[in-house]
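Novice: Let me begin by handing over the structure; questions about it come next.
Laboratory data are not the source of any read-out in this text; all were calculated from the coordinates shown. Given the structure is predicted, the values throughout are model-derived calculations rather than measurements. A quick note on method: Cβ atoms are made from the backbone with ideal geometry, for glycine too, and the neighbour counts reach across all protein chains shown.
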Amino acid sequence: MNLRAKLLEARGTVRLYGTTPPREGSTGEVVMNAAAKLVERVQRLPIDGFVIYDIQDESARTSEPRPFPFVRTIDPRVYSKLLAARTGTPAICYKSIGLMSESGWRAWLDETDRDFGIEYLSIVGRPTSRGGPYPLSLEQAIRIAAAHQRNYLIGGVALPERHRDGSPESGRMIAKAADGCSFFVSQTVYHAATTVKMLTDYARDCAEAGVAPRRVILTFAPVGRPKTMTFVKWLGVAMPAETERAILDAPSPLSKSIEICRANLERILDQDYVRRIPLGINVESVSINREEIDASIDLFHALESLLPEDAPASR
């Protein structure tokens, strides 16, 4: 079964591995070496696809100073195409619509089909800020991409933290599905209760609306350093104070991080909605620290061992 079928199926799970492309200005040799190292790292993992992020500057989202300088990357489409060619494993390519106009967006979709052969897109809006109005809304971008002749499979972002803060993410997910999203990828999960609440309400709201839930892929990442912890929190990830202390005060912070992520996924899966919502995991490796990169492989194995056997989800 290919990735499209797995994402659309109402059964089983999907296993993804997420990464950022090399930084902008990298030589072709540097890009090829980065891809070779990634391929070697994941070659024994039973992944169904890669997730290639499109990094945007989110400084306008918060008044807190950014822990690390913003560094642009090469075009995620380049890296998606390269990894797919080297591994035979497809990539879900993220795209931040930024300040694109409708005509620019249509041209970008045509170019992505013609020059990169990409089939899977995850469309990201802009960080909440005081800016705007914008020439192209996220809703318009999703609808246009879903109607494109390439027959892209469109994904969206799910933010449990936004649901926790009183703005119903479940309603957004239903609206995005109506616009053309076939799956969702969450922000990094470090607070199980927030994610359980979002998924519980999503299952309920889908039932009330008479629509089938789309697949929700839950993202996890190892955190082993204070700097990485600060950055994850700056991005808006819900990180309980007790979780932060447990990780950073542990003799082996990365091992503790993996242990907590596994316990969180176990709690998330121990709910009634697993019979109705098709789920999946995405393990991120977005740190430049070698130990955290290596720990992403251990994290993948720890989470993958919890995933249920392929079984039909009830509607």
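Novice: Quick check for me: using +1 on Lys/Arg Cβ and -1 on Asp/Glu Cβ, what's the dipole size of the stretch 3-304 about its Cα centre, in debye to the nearest 20? Walk me through the intermediate numbers first.
Specialist: On the way: 39 positive and 37 negative charges, 43 e Å.
Using Cβ point charges on Lys, Arg, Asp and Glu, the stretch 3-304 gives about 200 debye.
Novice: Select from ASP113, ASP249, ASP75 the residue whose mean-square fluctuation is largest in a Gaussian network model of the chain (Cα-Cα springs shorter than 10 Å).
Specialist: ASP249
Novice: Can I ask one more? Before anything else, pin down the relative contact order of the chain: Cα pairs under 8 Å, at least 6 apart, normalised by residue count, whole percent. Numbers along the way, then the final one.
Specialist: Values: 545 pairs, mean separation 65.5, N = 315.
Relative contact order comes out at 21 percent.
Novice: For the stretch 200-262, calculate the relative contact order in percent as a whole number, restricting contacts to Cα pairs under 8 Å that are 6 or more residues apart. Let's see the in-between values first.
Specialist: Working: 32 pairs, mean separation 20.9, N = 63.
For the stretch 200-262, the relative contact order is 33 percent.
Novice: In the stretch 3-304, if the dipole is taken from +1 on Lys/Arg beta carbons and -1 on Asp/Glu beta carbons about the Cα centre, which of TRP105, GLY25, ALA193 is farthest to the positive end?
Specialist: The residue sitting most towards the positive pole is TRP105.
Novice: How big is the charge dipole of the stretch 99-256 about its Cα centre, in debye rounded to the nearest 20, if each Lys and Arg gets +1 on its Cβ and each Asp and Glu gets -1 on its Cβ? Don't jump to the answer; show the numbers that get you there.
Specialist: Numbers: 19 positive and 17 negative charges, 71 e Å.
Result for the stretch 99-256 is approximately 340 debye, rounded to the nearest 20.
Novice: Considering all projection directions equally, how large on average is the shadow of the alpha-carbon convex hull of the stretch 96-162, in square nanometres? Before the final figure, lay out each step's value.
Specialist: Values: hull surface 19.3 nm².
Result: a mean projected hull area of 4.8 nm².
Novice: Keeping to pairs on different chains or 8 or more places apart, tell me how many lysine pairs in the chain have Cα atoms under 30 Å apart.
Specialist: Pairs that pass both the separation and distance tests number 23.
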